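Inspection log for the structure reproduced underneath, given as structure tokens.
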Amino acid sequence: MIQKLVDQICRLFTFLMVLCLGLMVVMVFGNVVLRYAFNSGLTVSEELSRWLFVWMTFLGAVVAMRNHAHLGTDTLVARLPVAGKKACFAVAHLLMLYVCWLMLQGGWQQTVINYGTTSAVMEASMAWFNVSGVVFAALAALIIVLELWKLVTGRIDETELIGVTDSEDQPHAATEARGPA
């Protein structure tokens, strides 16, 4: 049930990322046209584009976390027996959980500190800018806990113990098993 919720959230985030990117393109391009053709511009477009970029980055990081699309290396882990892979998986996920805690704590502190501060142009609370890190940290921690739960309950496949992928469809371990082309 929670896994389906995470999948739905990631689908929503993917849509929101496309929306953010589209809005950024329209605002920045529109501003360029206004500056060169009419010697004017929309000051709000620069600030809003920056905010959308930050939100798009953090939402994309959640989706990448869910899809195991972050950068990594498997030089050592791929050569370990299953027990070693599980141990490395657990240690890596516990370390990531700790980093999520640090980001959650720091992001929340920044959100509270900047609650009364407004942005220069839009005059919106800077808390909306900083809470993007809190959203990422909370959802990334949830994804990590779900993966650790799968490990503890034995519902994780050996191919999932190596989080590096060569392409979007094919785990790295499967590529090595086939041998060179």
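Summary table
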| read-out | value |
| --- | --- |
| Matching entry among Gly107, Gly72 (being under 21 Å from Met126 (Cα atoms) and touching a residue at least 12 places away in the same chain (Cβ under 8 Å)) | Gly107 |
| Count of the range 82-113 residues which are crowded, with 17+ Cβ neighbours inside 10 Å and hydroxyl-bearing (Ser, Thr, Tyr) | 1 |
| Residues being under 21 Å from Asn130 (Cβ atoms) and modelled with pLDDT of 95 or more - total across the range 20-47 | 3 |
| Residues (in a loop (DSSP other than H, G, I, E, B) and β-branched (Val, Ile, Thr)) located in the range 141-162 | Thr153, Ile156, Ile162 |
| Odd one out for Ala138, checked against (1) in a helix (DSSP H, G or I); (2) in contact with a helix residue (DSSP H, G or I) (Cβ under 7 Å, 6 or more places away or on another chain); (3) more than 27 Å from Leu52 (Cβ to Cβ) | (3) |
| Top-ranked residue of the range 45-78 - restricted to ones that are assigned to a loop (DSSP other than H, G, I, E, B) and hydrophobic (A, V, I, L, M, F, W, C), ranked as surrounded by the fewest Cβ atoms within 10 Å (Cβ to Cβ) | Leu71 |
| Long-range neighbours under 7 Å by Cβ, at least six apart or interchain, first residue of a type in the set (Val, Ile, Thr) within the range 18-36, second assigned to a helix (DSSP H, G or I) and surrounded by 13 or more Cβ atoms within 10 Å (Cβ to Cβ) | Val28/Ser45; Val28/Ser49 |
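The values are calculated or read from the model by the stated rules, or taken from the named source; none is laboratory data. Quantities reported herein were computed from a predicted structural model and do not represent experimental measurements. Note that we place each Cβ from the backbone using ideal geometry, even for glycine, and neighbour counts take in every protein chain shown.
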